[in-house]
Every structure is written in structure tokens, then in C-alpha cells.
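The values are calculated or read from the model by the stated rules, or taken from the named source; none is laboratory data. Quick caveat, the model's predicted, so the values are computed rather than measured. Virtual Cβ from ideal backbone geometry, glycine too; neighbours counted across all protein chains shown. Note: accessible area is taken over every heavy atom of the protein model, side chains too, but ligands, DNA and RNA are not part of it. Shrake-Rupley method; radii C 1.70, N 1.55, O 1.52, S 1.80 Å.
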Amino acid sequence: MRSTAFIALVLLTGCGEDATVDQVVSPPPVDLLQENRDAIKLENRDIDLYVQRHELQMLTSGTGVRRQVLRDVEGPNARPGEWATVNYRMELLNGDSAYASAAGQPESFKVEEDDVESGLHEAIQELSAGDSAIIIIPSVVSCRKENFCVRTQTIPRCRCAVRWSTTSDW
């Protein structure tokens, strides 16, 4: 009974007519779509400068993934559901290393099914076993469909990544 009276007393004192409520002020509306468009334009400019500085001859897909094949081996391209085994080095446009496969220990992923950069899934399907390529993956396609960024601790969000790949096997 004593605890019930205490709770009732607290409730009654908290509901007085003189109570004031702080107003929540909303921030001014921001056109997030336009901000994203501007960020993509800026990133594309950075990629263009990188390509010029390194004198690369790259093909660009509709999603902005760029690739230059360094070694082109005859054979069928990778297809969804197949396993791709690659040696790679991932770095940012500024040259900082993000991560890489261990020397002599290529890594494998299932095309269009594993959690690697979605831009890599796209680019690997343009390569055949034994090819070597430079792949530039813009930030908008560096994540999987669910917006789950792979290895987010190493690649800062909204940063473009360059992947130097050598495919080993399907």
C-alpha cells in the first residue's frame, strides 16, 4: 500500500497544469537526393582524375564501375552462381591500402551470391579465368543490395575503391 501511494504521488505531481513542454525544433528540410547527386558528381570527378593521372584506358558500365583488362585470356566469362577465385589488392583512390588477399592465398566468392562489393560482382562477369584487371568501384556500388557494406571498418563510407584483381579460376 505504501509503494502504491508513492507511485500515485509521483504521477500526480508530474501532471500539474503548470507543466511546461519543451518544443522540438526540426532542422530545415534538406534535399538529400540533390546532395547525393552532388556527391556522386564529385566522386566521378575524382575517379576521372585518378584515371588520367595513372594513364588508364578504362571501360565504364552503366553503374559507373570501371575496368581495364591488363591480361585477357581466352575463355568464357564468369556467370552468376559460379565460384570466382581471385588474388587482389583493394585500395582507396588516394593510394591507401584497405585490404588484400594474402600472398599466394587467393580468396573465393560465389558470383552474385556472396557478400563482396556489388561492383565486383558486376565486373567479374566481364572477366574470364586467368584475366587480370584494374577495377574501380564507386561508393554507390561498393555495398550489397541490403546496404550492408563489406569491411566497413577499412573502407570509409562514401569512398571509392580500386581493386587490382587477377582471376585464378572459376
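Lys and Arg at +1, Asp and Glu at -1: add these up for the other residues within a Cβ distance under 12 Å of Gln52 and post the number. Don't jump to the answer; show the numbers that get you there.
On the way: positive: Arg45, Arg53; negative: Asp46, Asp48, Glu55.
Taking every Cβ under 12 Å from that of Gln52, the sum is -1.
If you count only protein heavy atoms and use a 1.4 Å probe, how large is the accessible surface of Arg45, to the nearest 10 Å²?
120 Å²
Provide Met90, Met58 ordered by accessible surface of protein heavy atoms (probe 1.4 Å), highest first. Provide the component values of the computation, followed by the final result.
Working: Met90 0, Met58 35 Å².
If we order Met90, Met58 from most to least accessible, we get Met58, Met90.
Could you work out the relative contact order of segment 81-122, using alpha carbon pairs under 8 angstrom and six or more residues apart, expressed as a whole percent? Let's see the in-between values first.
Numbers: 50 pairs, mean separation 17.3, N = 42.
Normalised by residue count, the contact order of segment 81-122 is 41 percent.
Ignoring ligands, DNA and RNA, how do Ser108, Ser61, Ser97 rank by accessible area with a 1.4 Å probe, largest first? Don't jump to the answer; show the numbers that get you there.
Numbers: Ser108 65, Ser61 30, Ser97 90 Å².
Ranked list, largest accessible area first: Ser97, Ser108, Ser61.
When all protein chains stay in place, what accessible area (Å², nearest 10, 1.4 Å probe) is found for Thr60?
80 Å²
On a 1.4 Å probe surface of the protein chains, which of Val116, Val140 comes out largest in accessible area, and what is the full order? If you can, show how the numbers build up before the last one.
On the way: Val116 25, Val140 85 Å².
Descending order: Val140, Val116.
Under the rule of at least 5 residues apart or a separate chain, name every residue whose amide H is placed under 5 Å from the amide H of Tyr99.
Distant-sequence amide H within range of Tyr99: Met90.
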